[in-house]
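The values are calculated or read from the model by the stated rules, or taken from the named source; none is laboratory data. The model shown is predicted, which means the values in this text are computed figures rather than measured ones. Note: ideal-geometry Cβ built from the backbone for every residue, glycine included; neighbour counts use all protein chains shown.
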Amino acid sequence: MRQAVAEHVSDGSSVALGLQMEQMIPFAAGHEIIRQKKKELRLIGPISDILFDQLIGAGCVKDVVAAWVGNVMMGSAYNFRHATEVENPGTPGEKLRVFDMTNFTLALALQAGAMGVTFLPTRTAMGSDVPKGNHFFYQIISPFEPKETLLAVRALVPDVTVVHLQRADKHGNAHCWGNFGVMLEGVRAAKKVIVCAEEIVDEDVIASDPNRTVIPGFLVTAVVECPLGAHPSPVQGYNKRDDAFFQQYHAETKTQGDFNAWVQRWVNGVADRNEYAKQLGVARVEELGVKRHAYAEKTDFGY
């Protein structure tokens, strides 16, 4: 993880994270970004949970393109709120710039980037305040009958997309199941892709179920094996959501000083995810493990 972030996430990069909504958020990758003190990042994501808040609190972020930022379980997230409420730009507490999107318009922006076009037309968000003063939206007139007014959603092309999923091989060919959110659009739109997987498996395992290979290796820049790398968010088939952790984060990060103590304990004070897991404790990690298995039926690819 250290090498992947050092080589592929530069200061000033646009980074897409948390694309699978409330699950499989790449917290381990985000924590490595904080440890390496990356600066001036643009964060891109839909329902962007406390990972965005942590990166903002650590001073890594210049602006955000998102549908929502906060603590999904608890509501507001304090670092994001404080950063957007600052009224003295140019000072050390310079106001964070936020480009409001909806989940669907963010998906359209990434899809446009994946298609290599500059925008996609839509009716969604018309009549709302989302497009107002927002350079990701422009009114256009359809060239075809009926010549209606539409919104053009500007393409998003992340410098780096980081995803966490269940398994991949050493080439980055990756299996994922559960909610995709806008992961596929984010991967296809990006200039670089870092795949973080619960486990790296043999190539034959991936080849045995080609329909589940949702990310082909030729799109992947780096692949990292990182068990528990999405904690406290869930990874279907590996671990459930750690609700208590979200509650604790909310209680322990109300001020910048509180957050500084939190980030020292959980991010800067641990070298990697293995040390992070040890700090969680064996009992807690085991409790988060899957207790009720629900397997898919076998698929026969024979002839």
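How many residues does the stretch 180-221 contain that are surrounded by fewer than 16 Cβ atoms within 10 Å (Cβ to Cβ) and either assigned to a helix (DSSP H, G or I) or in contact (Cβ under 8 Å) with a residue 60 or more places away in the chain (or both)? Within the stretch 180-221, residues that are surrounded by fewer than 16 Cβ atoms within 10 Å (Cβ to Cβ) and either assigned to a helix (DSSP H, G or I) or in contact (Cβ under 8 Å) with a residue 60 or more places away in the chain (or both) number 10.
Residue-by-condition table, conditions (1) under 14 Å from the mean Cα position of the chain (by Cα); (2) buried (at least 24 other Cβ atoms within 10 Å of the Cβ); (3) within 26 Å of GLN248 (Cα to Cα); (4) among the hydrophobic types (A, V, I, L, M, F, W, C):
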site	(1), (2), (3), (4)
SER10	no, no, no, no
VAL15	yes, yes, no, yes
LEU19	yes, yes, yes, yes
ILE25	yes, yes, yes, yes
LYS37	no, no, yes, no
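Taking the stretch 144-165 as the range and being over 13 Å from the mean Cα position of the chain (by Cα) and of a type in the set (A, V, I, L, M, F, W, C) as the test, the residues that pass are PHE144, LEU150, LEU151, ALA152, VAL153, ALA155, LEU156, VAL157.
No other residue among LYS298, LYS254, LYS291, LYS278 is under 17 Å from ARG35 (Cβ atoms) and over 21 Å from the mean Cα position of the chain (by Cα) apart from LYS278.
For the stretch 245-303, a tally of residues being under 30 Å from ARG81 (Cβ atoms) and β-branched (Val, Ile, Thr) returns 5. Identify, from the list SER233, SER208, the residue that is small (Gly, Ala, Ser), under 18 Å from ASP49 (Cα atoms), assigned by TED's automatic domain parsing to the domain that holds PHE52 and out of contact with any strand residue (DSSP E or B) (no Cβ under 7 Å at 6 or more places or on another chain). The match here is SER233.
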